[in-house]
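See below for the structure under consideration.
The values are calculated or read from the model by the stated rules, or taken from the named source; none is laboratory data. Here the structure is a predicted model, which means the values were calculated and not measured. Every residue, glycine among them, receives a Cβ derived from its backbone with ideal geometry; neighbour counts consider all protein chains shown.
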Amino acid sequence: MSAPGTGAGPTAGDPPAAGSLTHRQILTIFAGLMIGMFLAALDQTIVATSIRTIADDLGGLSLQAWATTAYLITATITTPLYGKLSDLYGRKPLFLAAISIFVVGSVACTFAGSMYELAAFRGIQGLGAGGLFSLALTIIGDIVAPRERARYQGYFVAVFGTSSVLGPVAGGFFAGQAELLGITGWRWVFLINVPLGIVALIVVTRVLNIPHTKREHRIDWPGALALAVGLVPLLIVAEQGRIWGWGSVGALVCYGIGAVGIGAFLLLERRIGDDALLPLRFFRTGVFSWGSIAGFIAGMGMFGALALLPLYLQIVKGASPTAAGLQTLPLVLGIMSMSVFSGQLISRTGRYKIWPVLGLSLMVVGIALLSRIGVDTPYWQVALIMVVIGWGLGGNMQPITLAVQNAMPPRDMGVATASATFFRQMGGTLGTAVFLSILFTALGGNVAENVRAAAATPEFQAAVTDPAVAADPANGPILAALQGGGPVSLDDSSFLSSANPVLARPILEGFADSMSIVFLAAAAVLVLGLVAVLMMKELPLRTQSGVDARRAGEADPLETLQPPATPVVVPAEAGRSATAAPPRSAPD
């Protein structure tokens, strides 16, 4: 077995092994990768904060979901395609292409004159974003051995943590400016990506030099087309089903087209074999199968539940978008601290399965505790729960990807990593759609019930008959609903922050009660993810990076796990070089 660190690069001051990278070289490459990932991570948080202002300015508030849907569709579909093409043509050209496309899409977004144009340009952004995350994770697998990889994951978690804090602040700042340097304030939300993208292109061009081994191949364009046909309608209905109705004609048509596309994709992938966009032989590997299921379910529960935290802070607690972003800082700190801690222990012990098990357990506990928060819950209690959830996320995010990368052949590093990312994104999309649907389905009944109960109290009756309350426009939606006997319209909830507290309280309680149902559902889903992680077999972590493994002609891990043949002892005097040694019977 190779000494730990081979292929990952020794620490600073140690002589590097032949053909491997030093610690300093790895960190230099990481600089380019982190800038690329920061582009995509910042874009998600900064746009989410400012999308309401953007939609108001473009006169398309009811169409704002399409800007998110278009980005999500293109980013999800292109993720496995980037992974496959990078295995065939190399990481660097594909990573540079992803950054370039993302920057072009960002520039286009600054010129959007309608929500339809913005949705189209966000789709271009998504074409680039699909490669930023998956290729960065793949390149890590190329240059750092699985045994050493976890020690570096803290750098990438820092990217997500920084974007989580800066995104809402920057989005709130730009959205709040009528004009900045002669340009409408919200357009800077997209324009800020241009200088960052240029820096990323320069750094990646200079430092990212990873050897690539060419091999005979066919590009699975039919499979890519079938995947698009299958996923586009399903992603559309996932985002729009709550508005259309899950059983509407439009939704049923999307289900049918999606089913046909997925069926055609599976048939095509089976025919094309190893050149497939997603080789079906991957699913014969238990770690890949259970890891994909765990990633899908974890993404579903994680993104679905966490999408509600900003809503709770803004609607129920009355925080501004910027303040709500800053109030999620305990979650970020929990993610960063556990990621660094778990990464160090994985590198020292070589054991990784315990961390997603612990992580998903903490997420189940934390999100279940969120079901207990309400209108009067003090922020410090919510902050402590966010730390617990952050610890769960920090122990879960990277080890599952690490397990998949470690279990698959080095030559398939790109498509294996992209596939793991793809399933997590699909789970997140479905989770967000389903849990928001649960929220708004339960919301109307809970609000109506709470308003009926409050209407019988003297405090509420006094507020309704108070002339000063009636003269305040913020109370108009509530008073109009009471007079008309219908439900309170919540299409625009901004009035709640300035409405009379007595009148607003039953509505806020209705939101809190509905969110409790969603959090309990998310916790139940995450239990299934915990079962999938428990079923995943823990394999010894390789001590070679992907590049070194390919250079040494390492055998497929599926083959190397078979019982070894009778060993042949080669005398040291034979003078055989390390690179000429026969393949070992088990992975490092």
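Name the single residue, out of those in segment 322-346 being within 29 Å of Leu402 (Cβ to Cβ) and β-branched (Val, Ile, Thr), that is surrounded by the fewest Cβ atoms within 10 Å (Cβ to Cβ).
Val340
Do we find a residue being modelled with pLDDT of 85 or more and either within 30 Å of Pro410 (Cβ to Cβ) or assigned to a helix (DSSP H, G or I) (or both) anywhere in segment 134-147? It would help to see each step written out before you state the result.
Step one: of segment 134-147, the residues modelled with pLDDT of 85 or more are 135.
Add one more test, that the residue is either within 30 Å of Pro410 (Cβ to Cβ) or assigned to a helix (DSSP H, G or I) (or both), and what stays is 135.
Yes: segment 134-147 contains one or more residues that are modelled with pLDDT of 85 or more and either within 30 Å of Pro410 (Cβ to Cβ) or assigned to a helix (DSSP H, G or I) (or both).
Among the listed residues Phe265, Phe282, Phe303, which satisfies the condition of being of a type in the set (Phe, Trp, Tyr), modelled with pLDDT under 85 and farther than 30 Å from Ile389 by Cα? Steps first, answer last, please.
Numbers: Phe265 fails: modelled with pLDDT under 85; Phe303 fails: farther than 30 Å from Ile389 by Cα.
Exactly one residue qualifies, and that residue is Phe282.
Output the residues belonging to segment 307-344 that are of a type in the set (A, V, I, L, M) and either without any contact (Cβ under 8 Å) to a residue 12 or more places away in the chain or touching a Cys at 6+ places or on another chain (Cβ under 9 Å) (or both).
The first filter runs over segment 307-344 and keeps only residues of a type in the set (A, V, I, L, M), leaving 307-309, 311, 313, 315-316, 319, 323-324, 326, 329, 331-333, 335-336, 338, 340.
Of everything in segment 307-344, those that are of a type in the set (A, V, I, L, M) and either without any contact (Cβ under 8 Å) to a residue 12 or more places away in the chain or touching a Cys at 6+ places or on another chain (Cβ under 9 Å) (or both) turn out to be Ala319, Ala323.
Would you point out which residue out of Ala65, Ala75 is modelled with pLDDT under 70, within 21 Å of the chain's Cα centre (by Cα) and of a type in the set (A, V, I, L, M)?
Details: Ala75 fails: modelled with pLDDT under 70.
Result of the check over Ala65, Ala75: Ala65.
Here is a check on your reading of the model: is Leu526 over 22 Å from Phe460 (Cα atoms) and modelled with pLDDT of 80 or more? Can you show your working first?
Values: over 22 Å from Phe460 (Cα atoms): yes; modelled with pLDDT of 80 or more: yes.
Criteria met by Leu526.
Output the number of the condition that Leu393 fails; it satisfies all remaining conditions of (1) touching a Phe, Trp or Tyr at 6+ places or on another chain (Cβ under 8 Å); (2) surrounded by 22 or more Cβ atoms within 10 Å (Cβ to Cβ).
Unmet condition: (1).
Looking only at segment 268-321, count every residue that is surrounded by fewer than 18 Cβ atoms within 10 Å (Cβ to Cβ) and among the polar types (S, T, N, Q) and tell me the total.
Total satisfying the criteria: 2.
Yes or no: segment 470-488 includes at least one residue that is modelled with pLDDT under 80, in contact with a Leu (Cβ under 7 Å, 6 or more places away or on another chain) and over 28 Å from Leu309 (Cβ atoms).
Scanning segment 470-488, I find at least one residue that is modelled with pLDDT under 80, in contact with a Leu (Cβ under 7 Å, 6 or more places away or on another chain) and over 28 Å from Leu309 (Cβ atoms), so the answer is yes.
Identify, from the list Thr213, Thr205, the residue that is closer than 30 Å to Val144 by Cα and modelled with pLDDT under 85. Let's see the steps before the verdict.
Working: Thr205 fails: modelled with pLDDT under 85.
Criteria check complete, one pass: Thr213.
For every residue, the table says whether it meets (1) buried (at least 18 other Cβ atoms within 10 Å of the Cβ); (2) in contact with a Gly (Cβ under 9 Å, 6 or more places away or on another chain); (3) of a type in the set (Gly, Ala, Ser); (4) in a loop (DSSP other than H, G, I, E, B).
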| residue | (1), (2), (3), (4) |
| --- | --- |
| Leu402 | yes, yes, no, no |
| Ala416 | yes, yes, yes, no |
| Ser419 | yes, yes, yes, no |
| Thr429 | yes, yes, no, no |
| Leu439 | yes, no, no, no |
| Glu459 | no, no, no, no |
| Gly476 | no, no, yes, no |
